[in-house]
Amino acid sequence: MTIEFQATAAASGANATERFRENKKAAASSSQERVSQLASRLIKAINDTVLEEKVTYDEYNALKAWLIQVGEDGEWPLFLDVWVEHSVEQVANEYREGTKGSIEGPYYVPDSPQLDSPATLPMRDNEQGTPLLFQGNITNLAGEKLPGASVEIWHADDEGFYSQFAPGLPEWNLRATVIADADGRYEINTMQPAPYQIPTDGSCGKLIAAAGWHAWRPAHLHLKISAPGYHLITSQLYFKGDSHVGDDIASAVKPELILDPTPRADGAGREVSYDFVLDPA
Ligand code: MBD
Ligand code: FE
């Protein structure tokens, strides 16, 4: 399993570069002052590290070689989303009073198939794993239900692979935009995702190995919750008892975002309720 798994995982890292180019509009242009301020601080942070740590030419050249390789591997989206996005998300959502946000990560694809709640995510006939019934209400800060709300959901399969990034999966496997009912209630049948190991054989993996870190993210559901007149929130949900919930490599777990599913009465897997609360636009 290891060779095949790693080959597939590495392709996922690189595919995220193509996807980013397709999906993300060029950044709104920043003022010269802002560019100068941010670039100066970033460069100073690097120079301070060099001076304080007395970085050698060997180390400087190792860094240069590694930075070149990250680009050649197509792993900049992976690197940035794993080690940088969490603080950007923290700043972006600081003011929110509703459901906590979390990072989008490199594997979001817009315009997934729309399904009405109650929905079953697109999956293979023999999709592996534990069935999960994921349901709840979408309300505003006053607790009022939000008809017209929707839950965009995407997650890895039981082996930790994402459709459209790892080869061999049907296009929209385990991805959909679920439209809540008239009471702002959603009900989604899916398969519990597996913990996710970021690609270990590309440059990000080389860094992890060289530093003696681990490559794991806890199992997670990715979500974008929205309703007309409210701020869309991008978030993730995790599972209590997951061994990496306390040491996510992407630093994206928050205590409010941990689910605790229970066995279903009918014996068909597990179920969990989670209510989303949206901030006004
Ligand atoms: C993921 O699935 C993910 O969510 C992040 C943030 C990084 C790599 C893989
Ligand atoms: Fe993910």
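Throughout, read-outs are computed from the coordinates displayed, never taken from laboratory work. The structure presented is a predicted model; accordingly, all values stated were derived computationally and were not measured. With ideal geometry, Cβ positions are generated from the backbone for all residues, glycine too; neighbour counts draw on all protein chains shown.
Bridging of Lys64 to lysines at a Cα separation below 23 Å is possible for Lys44, Lys54, Lys206, once same-chain residues fewer than 8 apart are set aside. Around the amide H of Tyr230, modelled in the peptide plane, lie the amide H atoms of Ala281, all under 5 Å away and 5 or more residues distant in sequence or on another chain. Only helices reaching 20 angstrom along their own axis (Cα) with mean Kyte-Doolittle hydropathy no lower than 0.5 count here, and not one DSSP H run of the chain does. Report the label-to-label distance for Arg124 and Ile179 in nanometres (one decimal), using points 7 Å from each Cα along the Cα→Cβ vector. In this crude spin-label approximation the distance works out to 3.1 nm.
Find out how many positive minus negative residues lie around Ala16, taking Lys and Arg as positive, Asp and Glu as negative, among other residues whose Cβ is under 9 Å from that of Ala16.
Working: positive: Arg19; negative: Glu18, Glu75, Asp81.
Spelling it out: positives minus negatives among the neighbours equals -2.
Under 5 Å from the amide H of Leu115 lie the amide H atoms of Thr177, Val178, Ile179, each residue being 5 or more positions distant or on a separate chain, with H modelled from the backbone and absent for Pro and chain starts.
Distant-in-sequence amide contacts of Tyr196, defined by a placed amide H-H separation under 5 Å and a gap of 5 or more residues or a different chain, comprise Arg217, Ala219. Taking a Cβ cut-off of under 14 Å around Thr120, the surrounding Lys, Arg, Asp and Glu residues balance to a net charge of -3, with basic ones at +1 and acidic ones at -1. For the chain, set up a GNM with springs between Cα atoms under 10 Å and report which of Val88, Val151, Val245 has the largest fluctuation. Result for the chain, Cα springs under 10 Å: Val88 fluctuates most. Let's test the formula: R0 of 41 Å, r as the Cβ-Cβ distance of Tyr95 and Asp48. What FRET efficiency results, to the nearest 0.05? Step by step, r from the Cβ atoms, then E = 0.85. How big, in percent, is the set of alpha carbon pairs in region 77-231 lying more than 28 Å apart? The share of Cα pairs beyond 28 Å in region 77-231 comes to 27 percent.
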